[in-house]
Amino acid sequence: MTVKIYTDGGSLGNPGPGGYGVVILDENRRELSQGYSLTTNNRMEILAAIKGLEKLEKSCDVTVYTDSRYLADAINKGWALRWKANRWMRNRKEKALNVDLWKKLLPLCEKHRVTFEWVKGHAGNPENERCDFLARSAAKGRNLLPDTGYNPVNQQSSLF
């Protein structure tokens, strides 16, 4: 089976309240979203991909469409795998950010045959626009969850 997943994430302020939006297109159309009380744009972009992939019950071919160069490049250019191989270091001095989320995303990319495609945001792509709407609405909503992996003290994600 071939699946298309459109994703978007963002925060109102960076950091600030944030949310993600996902549209899954397989036999059916499904939409997902959730808001968080304090997070970053990049965390919500990664989380959107995780949440979309987690909804797939069987291994399949998946194209994830994202307007996040950070997310697409981290997977397509092998950055995330390199960070993992280097004990979550970007280089000899800098720790990788959002490690808790990369640790969830990488196994999902192994379970499925995933390709990430970058799409220009706010450029009229209907599914990307819908994800943006879902993410913004979630960030502005009530019942925002805590982003337990985000550490606002040093503005990087927890390594645990």
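Data overview
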{"item": "Test: residue 101 is in contact with a His (Cβ under 8 Å, 6 or more places away or on another chain) and not aromatic (Phe, Trp, Tyr)", "result": "no"}
{"item": "Test for residue 5: is it touching a helix residue (DSSP H, G or I) at 6+ places or on another chain (Cβ under 6 Å), closer than 18 Å to residue 145 by Cβ, touching a residue at least 40 places away in the same chain (Cβ under 8 Å) and not hydroxyl-bearing (Ser, Thr, Tyr)", "result": "no"}
{"item": "Looking only at segment 141-155, and only at residues there that are of a type in the set (A, V, I, L, M) and part of a loop (DSSP other than H, G, I, E, B), the one that is modelled with the lowest pLDDT", "result": "153"}
{"item": "In segment 26-79, the residues that are out of contact with any Leu (no Cβ under 9 Å at 6 or more places or on another chain) and among the aromatic types (Phe, Trp, Tyr)", "result": "65, 70, 79"}
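The values are calculated or read from the model by the stated rules, or taken from the named source; none is laboratory data. Bear in mind the structure is a predicted one, so any value in this text is a computation, not a measurement. With ideal geometry, Cβ positions are generated from the backbone for all residues, glycine too; neighbour counts draw on all protein chains shown.
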